[in-house]
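For reference, the structure is listed below as structure tokens.
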Amino acid sequence: MRKKIIAGNWKMNKTVGEALAFAEALTPLVAGKDSVDIVICPPYTALYSVSKAFEGTSVATAAQGVFWKTSGAYTSYVSSPLILDAGAKYVLIGHSETRGRFGVAEEGLTDDLLKAFGETDAGVNVKAKAALTAGLIPIICIGETLGERKDGATDVTVADQVVKALEGISAELVSTQVIFAYEPVWAIGTGEVCAADEANRVCGVVRATIESRYGAETASAVRIQYGGSMKPDNAAELLSQEHIDGGLIGGASLKPADFAAIVAAAAG
Ligand code: PGA
């Protein structure tokens, strides 16, 4: 039995004050939900405060990204040791928004501006390795764009992202430390949810890809979240699928009651 993991990705939202108010409101709502791993991913600016606020509760924190070097002359980047020092246990790696792959095409986002996002599969791999070496748990995000889905390239895109992300990572680390989040790009922030059976099928592709590299035992141990417009009213159906072991929640993680309702759905 894989323990469900529900993570709230706040993206570029919430001041320190707003984040602390959220923590205070959420704590009683999820008390006793120990059958689920609960994670909040605040912006870097609130990571330390939120980690402190959840100390002694079952809520852990994650950074929304990481750099692969441990320290040095890397202006603006944040390393695994710094993230651990801020109190986080997990880190998101390769979110579609850091890869510059958006569900909603933003006005004025030229090709040149898109380069500012710049996450690549190779970057995801070195960041995952650096996080694991430091003792942070990576949540590796993968998923196809609408164009790739229309071209019939969903499975090959996702499988390729999985293989490239895991290059050089041992079976033991994959089975005990690595988490995947399957997030169809077209379902992120759009209100468009991937049907539960299709989300389950693609999460099955992720598992089969891991199995082909590492064997059945490792594949059956890895937790795979679904992300993309998961809300209180669709969470139970998505979370009851065989290959879906949790959720990565954006919009619905900004309100304590909505996020707690999704945690409750995962607790069953
Ligand atoms: P959403 O975002 O729930 O707002 O669609 C999910 C994510 O990007 O992790």
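The values are calculated or read from the model by the stated rules, or taken from the named source; none is laboratory data. Everything numeric in this text was worked out from a predicted model, so none of it was measured. Heads up, the Cβs are rebuilt from the backbone with ideal geometry, glycines too, and the neighbour counts pull from every protein chain shown. We work out accessible area using only protein heavy atoms, side chains counted, and drop any ligands, DNA or RNA first. Shrake-Rupley method; radii C 1.70, N 1.55, O 1.52, S 1.80 Å.
Surface calculation, 1.4 Å probe, protein heavy atoms: residue 201 sits at approximately 100 Å² accessible.
The mean sequence separation of alpha-carbon pairs under 8 Å and at least six residues apart, normalised by the residue count of the stretch 124-268, gives a relative contact order of 22 percent. Comparing mean-square fluctuations of 105, 130, 153 from a GNM of the chain with C-alpha springs under 10 Å, the top value falls on 105. Taking the helices alone, the chain has a mean residue ellipticity at 222 nm of -13000 deg cm²/dmol, built from -39,500 (n - 2.57) per DSSP H run of at least 4 residues and averaged over all its residues. Just the protein heavy atoms count here, and of the accessible area of the stretch 108-196 at 1.4 Å, carbon and sulfur take up 55 percent. Around the Cα centre of the stretch 39-121, unit charges on the Cβ atoms of Lys, Arg, Asp and Glu (plus for the first two, minus for the last two) sum to a dipole of about 340 debye. The packing ranking, built from the mean of other Cβ atoms within 10 Å per residue, places the peptides 220-230, 258-268 in the order 220-230, 258-268, highest first.
Annotation for the stretch 84-158 versus the stretch 176-238: alpha-carbon center distance of 15 Å. In this view, the solvent-accessible surface of residue 157, computed with a 1.4 Å probe and all protein chains in place, comes to about 20 Å².
The listed residues 95, 243 rank as 243, 95 when sorted by accessible area, largest first, using a 1.4 Å probe. Per residue, the chain exposes 44 Å² of solvent-accessible protein surface, assessed with a 1.4 angstrom probe and all protein chains in place. Treating each Cα of the chain as an identical point scatterer and summing with the Debye formula, the log10 of I(q)/I(0) at q = 0.08, 0.09, 0.10, 0.15 Å⁻¹ comes to -0.28, -0.36, -0.45, -1.10.
Rolled with a 1.4 Å probe across the full set of protein chains, the surface gives residue 178 an accessible area near 10 Å². Proximity of backbone amide H atoms, modeled 1.01 Å from N, is registered between residue 223 and 180 at under 5 Å, excluding neighbours fewer than 5 places apart on the same chain. Close amide-amide hydrogen proximity is noted between residue 247 and 5, 6, 7, 226, each under 5 Å apart and 5 or more residues distant or on a separate chain (H modeled in the peptide plane; Pro and chain starts excluded).
Rounded to whole numbers, the Karplus 3J(HN,Hα) couplings from phi for the stretch 42-50 are x, x, 3, 5, 10, 4, 5, 4, 5 Hz, using 6.51 cos²θ - 1.76 cosθ + 1.60 with θ = phi - 60°, and x at Gly and Pro.
Ordering 10, 186 by accessible surface, largest first, gives 186, 10; the 1.4 Å probe counts only protein heavy atoms, with every chain in place. Each Cα pair under 8 Å and six or more residues apart adds its sequence gap; the mean of these over the residue count of the chain is a relative contact order of 22 percent.
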